[in-house]
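Worksheet: one structure, shown below.
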Amino acid sequence: MAKPDASPIEAHLGYWLRYVSNHVSHAFSLKLEERGVTVAEWVVMRELYDGDGTAPSEIAARLGMTRGAISKLADRLAAKSLAARTSDKDDRRYQTLALTPAGRALVPKLSALADSNDAEFFGHLSKADRAKLEMTMKDIVRRRNLKSVPVE
């Protein structure tokens with residue numbers, strides 16, 4: 001019996017996207033690990049960086065994550081003294097999450113690691129090629145209505 005035709009895995013653009021993405025993400029993860037932070041923690045810290053305090057439910061909605069996932073990340077960041085929860089004085093059920101001074105000081109350093117990682121993988125691209133790649137990826141995100149932020 002003849003085998004039906006099956007395209008090689010390398011014929012799929014998704015394969016190459018995943019291949020590159022895995023290597024970019026792993027290299028960044030190792031850089032963050034040296035600073036004691038995971039990619040997911042970095043994403044939440046960067047989200048908190050521009051504000052003074054944000055409800056965990058708002059962070060979850062913006063990042064496309066569950067409230068439970070944000071709660072666990074908040075616990076981990078609090079245990080590392082990088083973020084703190086504050087309860088509303090009138091409604092103790094309402095909490096906000098904010099970076100501690102140590103967390104706020106760490107974000108620009110972690111951001112520099114992200115910039116360095118990008119340069120390592122994409123620095124060889126011309127400005128035009130990089131812009132085209134970014135535009136293409138953003139177009140896919142928009143067309144597919146992708147919402148959740150990659151954290152792992």
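With the simple spin-label model, which puts each label point 7 Å out from Cα in the Cβ direction, the Thr100 to Tyr49 separation comes to 1.9 nm.
If you average 1/r across every pair of different Cα atoms in the stretch 16-114 and take the reciprocal, what Kirkwood value do you get, in Å? For the stretch 16-114, inverting the mean 1/r across all distinct Cα pairs yields 14.1 Å. Reducing the stretch 61-135 and the stretch 1-58 to their Cα centroids gives an inter-centroid distance of 14 Å.
With respect to the chain, whose longest principal axis is taken over its alpha-carbon atoms, helix 101-122 is tilted by about 10°.
In this model, which of Lys109/Lys138; Lys3/Lys147; Lys72/Lys127; Lys109/Lys147 are farther than 30 Å apart at the alpha-carbon? Beyond 30 Å between Cα atoms: Lys3/Lys147; Lys72/Lys127. In terms of its alpha-carbon gyration tensor, the stretch 109-152 comes out oblate; a/c meets the 1.5 threshold, while b/c is at least as large as a/b. Near Asp75, once Lys and Arg are set to +1 and Asp and Glu to -1 for all other residues with Cβ below 15 Å from its Cβ, the sum equals +4. Using a cutoff of 8 angstrom between alpha carbon atoms and counting only pairs six or more residues apart, the relative contact order for the chain works out to 25 percent. The Ser81 and Ser116 beta-carbon pair, evaluated with R₀ = 30 Å, returns a calculated FRET efficiency of approximately 0.75. Using R0 = 22 Å, the C-beta based FRET efficiency linking Val24 and Ser71 works out to 0.20. Between Asp129 and Ser7, the C-beta separation translates, for a Förster distance of 25 Å, into a calculated FRET efficiency of about 0.40. For the stretch 15-79, a crude dipole built from +1 on the beta carbon of Lys and Arg and -1 on the beta carbon of Asp and Glu, taken about the Cα centre, is about 240 debye to the nearest 20. Taking the longest Cα principal axis of the chain as reference, the axis of helix 127-144 is set at about 80 degrees.
No value in this document is a laboratory result; all are computed from the given coordinates. Bear in mind that the values here come from a model prediction, so they are computed numbers and not experimental data. Here Cβ is always computed from backbone atoms with ideal geometry, including for glycine, and neighbour counts include all displayed protein chains.
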